[in-house]
Structures are given as C-alpha cells and as structure tokens.
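Visitor: A single structure is presented below for examination.
Every read-out reported here was derived from the displayed coordinates using simple, explicitly stated rules and does not represent laboratory data. The model shown is predicted, which means the values in this text are computed figures rather than measured ones. Cβ atoms come from the backbone with ideal geometry, glycine included; neighbour counts cover every protein chain shown.
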C-alpha cells in the first residue's frame, strides 16, 4: 500500500481524487492546500487522510505525492518532496525554465525516486492506439499530423494563471505542451518550426490565448497544433488527424472514437473508448514505476525536450524567424 499525498486540491486535483478512490494500491494519507476548507473537503473523501495547509507538516506521512499546483511552484515543491524521499507525479508543465527542469531530474536520480510528468493524453486509449497504428504504418507512412484543441477557459479575477510569469507563458505553454509532447511522440525529432499566438478573443490572457504551431521533423513529416482558450463554440473540440500514404486516422478525443479511412472512401471504426481524462490509467502506470523502477512513459527527459521546443518557438516568434528545433533532445 502506497501512502499518497495530494498537494494542491483545486481544479485538476478533483479528477485525480476520483482515481484514488478506485485504486486499492494507494491510501491517501494527506491532502494539502493553502485554502484550509478545500484541503479539509478533499481529506473527507478518504478515510485515512489528514488535511494541512503546509505540505512540510505531512511530508513524512507519505511515500509519494501528486503535485497539482500553480506552475511557478512545481520546482520548489517538487525538489522538497524528492529530497524528503517521496516519489512525485508532477502536473505539467514540468517547470518554468530549463535549469529548474534539470534540477528536478537530477534530484530524482540522486535520491532514487520516480519522477513522472502528468502528460495525461499519453494514457488515453485512443491516443495510444493512434501511436501504435502510426508506428506499425497500418495506413502507410505518416506524413502529416494535425491536433486541434478548442475550448473556452476563462479564469476569475486574481487567478494565478492570468499572470504570464507564474503561468510560464500563454495557452501554448500551459495547455499546448500536451500536444507538442504528442507530436514529438508520434513523429520523432523536430528540425524547425513556427509559432503564432494572439490574445485577440481572449483579452483576459496576458500572453496568447490562441496559438498555431507548425513543425517539421527529421523524417520529412509535418505536425500542426491549433489550440484556443477562446472557443465560444466548436465542432472539432479535441481531435487528431493523421494523414498517411494509404489513408487517414481520425481520432475524436471528445467522443472517444477512432476511425480509419482509406483512399476509396471506406471508413472503419477502429476503437470506441470511454471519453474522459483517464487519470486512473496514469495512476496505475505511476504505481508500476514506483514498484518496479521502470522509467515512466512520460519521463522528465522527454518532458524537457517538448518544453525546449516551446521555448525555442517563443524566442523565434519574438524575433520574427523560423525556430531551429534540432538538438532539443536531452543529452546525457
């Protein structure tokens, strides 16, 4: 039985809490939030949990912790947990700078702890099947993948995510990092790319609330991501199109369906999965990595690579040029 602490009990933490309720390998022993009422409400979901407003007061009561915090707190709190001997499941993005990310990676290695980044889409059964089919070239050689994420996200006045410095950027860094990670997972090493962002339509955002990314990869394939937090309506919602030399993979992540289309116009439903965040599958993988020492699927090295891509895209956008994305992978 792994004693688990939940550090940060708002927003995304609520989805994680539901996964813990259904897992008999984990016992939640601590819930932490600066809002004492929110910490207490989370603790009441679990029979063995005690609430706290300061994680340092309960860190000795847990073997592992999930950190669901404002982005600027990922590094300091993550370091404290790892140095205390805790395994850490850290919400994305990993940290706000490359030195901070590297510090987390090296601290996890030094203390022999599992550090896993919560890129939850890699545990979506639809996404897993897209990856399998692309690798197997089931519809031929993939040459272009597009990912759309269209939603309305508007934080209340005073929320930390309205501060670009605490968020780490805009919509691309905060949410689009999921889909840059997927494009790299699907297509390999990027060589160049561009980002165009705007807060037109999302005036509450200090930086971009809407972004478009174009990537080119070593194998010649192209990747595209469009993301917005300003969608007042949508038909695409969350969708992936993977164009291959023998057809198309069409993944509707909102509905939980995957279709294959061939050049003759025939289509086949390849998978029907329950829609949702699939946090329970992510949690199962985290537990397996703790117990076996297996490297997490969403390990810190790949997370640093995808953030390097975003940082280089931001820099090139500011300078009005195409970003050189070669060598973004983390060298030992």
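Visitor: Which distance in nm do the two modelled labels at residue 35 and residue 47 give, with both placed 7 Å along the Cα-to-Cβ direction?
Guide: Each label point is offset 7 Å from its Cα along the Cβ direction, giving 2.8 nm.
Visitor: Which percentage, to the nearest 5, of the DSSP beta bridges contained in the chain is antiparallel?
Guide: Values: 41 of 70 bridges.
DSSP beta bridges in the chain are roughly 60 percent antiparallel.
Visitor: Taking the Cβ-Cβ separation of residue 84 and residue 262 as r and a Förster radius of 51 Å, what is the calculated FRET efficiency to the nearest 0.05? Could you put the intermediate results ahead of the total?
Guide: On the way: r = 54 Å, r/R0 = 1.07.
Efficiency, rounded to the nearest 0.05: 0.40.
Visitor: Between residue 132 and residue 25, take the C-beta separation as r, use R0 = 25 Å, and let me know the FRET efficiency to the nearest 0.05.
Guide: The formula returns an efficiency of 0.45 here.
Visitor: What is the projected area of the convex hull of the Cα atoms of the chain, averaged over all directions, in nm²?
Guide: Working: hull surface 67.6 nm².
For the Cα atoms of the chain, the hull's average projected area reads 16.9 nm².
Visitor: How far apart, in nm, are two points set 7 Å out from the Cα along the Cα-to-Cβ line at residue 18 and at residue 272?
Guide: So the two model labels end up 2.1 nm from each other.
Visitor: Report, in degrees rounded to the nearest 10, the 0 to 90 angle that the Cα long axis of helix 300-319 makes with the longest principal axis of the chain.
Guide: 60 degrees
Visitor: Related question: Subtract the Cα-Cα distance of residue 326 and residue 61 from 0.36 nm times their separation in residues, and report this length gain in nm to one decimal.
Guide: On the way: separation 265, 0.36 × 265 = 95.40 nm, distance 4.36 nm.
Between residue 326 and residue 61, full extension yields an extra 91.0 nm.
Visitor: On a 0 to 90 degree scale, rounded to 10, what angle separates helix 74-83 from the longest Cα axis of the chain?
Guide: 50 degrees
Visitor: Expected output is a single nm value to one decimal: the length gained when fully extending between residue 110 and residue 189, i.e. 0.36 nm times separation in residues minus the C-alpha distance. What is it?
Guide: Working: separation 79, 0.36 × 79 = 28.44 nm, distance 2.82 nm.
Fully extending the segment from residue 110 to residue 189 adds 25.6 nm.
Visitor: While we're looking at this one, here's another question. Once R0 is set to 45 Å, what does the formula 1/(1 + (r/R0)^6) return for the Cβ-Cβ distance between residue 291 and residue 196, expressed as a FRET efficiency to the nearest 0.05?
Guide: Numbers: r = 44 Å, r/R0 = 0.98.
Result of the calculation: an efficiency of 0.55.
Visitor: May I have the extent of the alpha carbons of the range 196-290 along their three principal axes, as whole Å values ordered from largest to smallest?
Guide: 43, 42, 33
Visitor: Working from Cα positions, state the angle (0 to 90°, nearest 10) between the long axis of helix 98-111 and the longest principal axis of the chain.
Guide: 50 degrees
Visitor: Have a look at the range 2-118 and give its Rg and Dmax from the Cα atoms, expressed in angstrom.
Guide: Expressed in Å, the Cα Rg and Dmax of the range 2-118 come to 13.1, 39.
Visitor: Next up: Using a basic spin-label model with each label point 7 Å from the Cα along Cα→Cβ, how many nm lie between residue 141 and residue 165?
Guide: Result: 4.9 nm between the two label points.
Visitor: In what sequence do 59, 66 fall when counting other Cβ within 10 Å, fewest first?
Guide: On the way: 59 21, 66 31.
Ordered by Cβ neighbours within 10 Å, fewest first: 59, 66.
Visitor: Using just the helices of the chain, give the 222 nm mean residue ellipticity in deg cm²/dmol: DSSP H runs with n ≥ 4 each add -39,500 (n - 2.57), and the total is spread over all residues, rounded to 500.
Guide: One gets -9500 deg cm²/dmol as the mean residue ellipticity at 222 nm.
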